[in-house]
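**Student:** Take a look at this one; I'll ask things after.
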Amino acid sequence: MTLAPGEARQLQQDFIRWLGTASRGAVSWEAPGLSAAVVPMAAQRSIINSVIADDSAALRDGYEDLSRAYLDAGVEAWTVWIHEGDADARSFLEEHGHAFDGAPVAMTLELAGRPSEDLGGLEWDANATFEELGRINDLAYGYEPATGMANALLPPEREMPIRLYRARVEGETACVLGTLDVVRDAGILFVATKPELRGRGLASRLLAAALAEAEQRGMTTSSLQASALGSPIYERLGYSTCFSFHIMERHFQPQSRQ
C-alpha cells in the first residue's frame, strides 16, 4: 500500500491540532499551506513545536509570521517537516537558520491480513493517562520533567479520537502509545518504553493489541512516522515505507529575544 504525502499530512494536521489545544498557552497556528503547533509549555522540544508545510511557496509566504509566533511565545526550538524531495523548501529553511535534524519515514499497514503477534501474556489496557504518556516518553528520551514533553501531552480542549494504551510490568506502567483515528486510518503516536525495560518486546506487543482494537472499530489502515532505528521494528509488524520526511530544526539564540 502507498501512503500519499497528503494522507500523511492529514494525520499530522490532527496531531498538531491536539498539541495546539492541550496545554496552557498552546496555539494551533494556521496559514495557507502551513499548520503549526506553538507550545510554550514544551519550549525546548522541537518535535512538539512542529510545522508541516505543503511546499516552499507556502513557507516563503508565511515564514515571517510563523517565526514571529514562535519567538513571541518564548519557544526555543521548533522544526518544519518537509517532503524528502522538496529541495527548494530545504534550501529556503537552511537560509533561515534551520538545520537538518533527521529523516523519519512515513510507514503504512493494511490492517486486514497483517501478521499476527503473540501477546505472550502481556498485561495491557487502553486506559493509560496523558500523564503516563508524557512521563514515559520523557523517561525514554532522557528529558527532565521541567523541560520535557509531559507538560504538552495533556487532554485536548475538544473531543478527539485519541486512545492511550499502556503495558505494565510488575504492576507499573512500562510502555505507552497513542492512537489517533483519521477517517479509516489509525495513526500511531508517542510509542515509548522505560529504558530499563527495553528488549522485552513490550512496544511491539502493545502495538499489536492496539491495532487489533483499531480493526475492530472499523479502521482499515495504520500509519506512523518512524526513525531510522525504529523502522525495522515496524517492518517486522508488517508496515511498509512509503517516503521520507526531512525535519529541519531551528533554535532561537538568546540575542534574538532582546
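Quick note: the coordinates plus some simple rules give every number you see, no bench work behind them. Since the structure is predicted, the reported quantities are computational estimates derived from the model, not experimental observations. Please note: Cβ atoms are built from the backbone with ideal geometry, for glycine as well, and neighbour counts cover all protein chains shown.
**Student:** What does the charge dipole of region 109-241 about its Cα centre add up to, to the nearest 20 debye, if the Cβ of each Lys and Arg holds +1 and the Cβ of each Asp and Glu holds -1? Could you put the intermediate results ahead of the total?
**Tutor:** Details: 13 positive and 19 negative charges, 43 e Å.
Here region 109-241 has a charge dipole of around 200 debye.
**Student:** At Asp125 and Asp101, where each label point lies 7 Å from the Cα along Cα→Cβ, what is the point-to-point distance in nanometres?
**Tutor:** With each label point 7 Å from Cα toward Cβ, the separation is 3.6 nm.
**Student:** Let me ask something else. Skipping prolines and chain starts, which residues have an amide H placed within reach, meaning under 5 Å, of the one on Phe243, given they are 5 or more residues away or on another chain?
**Tutor:** Answer set, sorted by chain and number: Ala106.
**Student:** Given Cβ point charges of +1 (Lys, Arg) and -1 (Asp, Glu) and nothing else, what value in debye, to the nearest 20, does the dipole of the chain about its Cα centre take? Can you show the working numbers first?
**Tutor:** Details: 22 positive and 36 negative charges, 89 e Å.
Dipole magnitude for the chain comes out near 420 debye.
**Student:** Can you give me the C-alpha center-to-center distance between region 100-122 and region 33-89, rounded to a whole angstrom?
**Tutor:** With region 100-122 and region 33-89 each reduced to a Cα centre, they are spaced 27 Å.
**Student:** Would you indicate which of (i) 0.99; (ii) 0.95; (iii) 1.10 is the value of Cα Rg over 2.2 N^0.38 Å derived from the coordinates of this structure?
**Tutor:** Of the listed options (i) 0.99; (ii) 0.95; (iii) 1.10, (i) comes from this structure.
**Student:** I need the phi-derived Karplus couplings for region 178-187: 6.51 cos²θ - 1.76 cosθ + 1.60, θ = phi - 60°, integer Hz, Gly and Pro marked x.
**Tutor:** These are the phi-based 3J(HN,Hα) values: x, 10, 9, 7, 10, 6, 10, 10, 9, x Hz.
**Student:** Report, in debye and to the nearest 20, how large the dipole of region 174-245 comes out about its Cα centre when Lys and Arg carry +1 and Asp and Glu carry -1 on their Cβ.
**Tutor:** Working: 7 positive and 6 negative charges, 46 e Å.
Dipole size: approximately 220 debye.
**Student:** With a cut-off of 8 Å between alpha carbons and a minimum separation of six or more residues, what is the relative contact order of the chain in percent? Could you put the intermediate results ahead of the total?
**Tutor:** Details: 530 pairs, mean separation 66.5, N = 258.
Value for the chain: 26 percent.
**Student:** Can you list the HN-Hα couplings for region 196-212, worked out from phi with the Karplus curve (6.51, -1.76, 1.60; θ = phi - 60°), rounded to whole Hz and with x for Gly and Pro?
**Tutor:** 6, 10, 5, x, 9, x, 5, 5, 5, 6, 5, 4, 4, 5, 5, 5, 4
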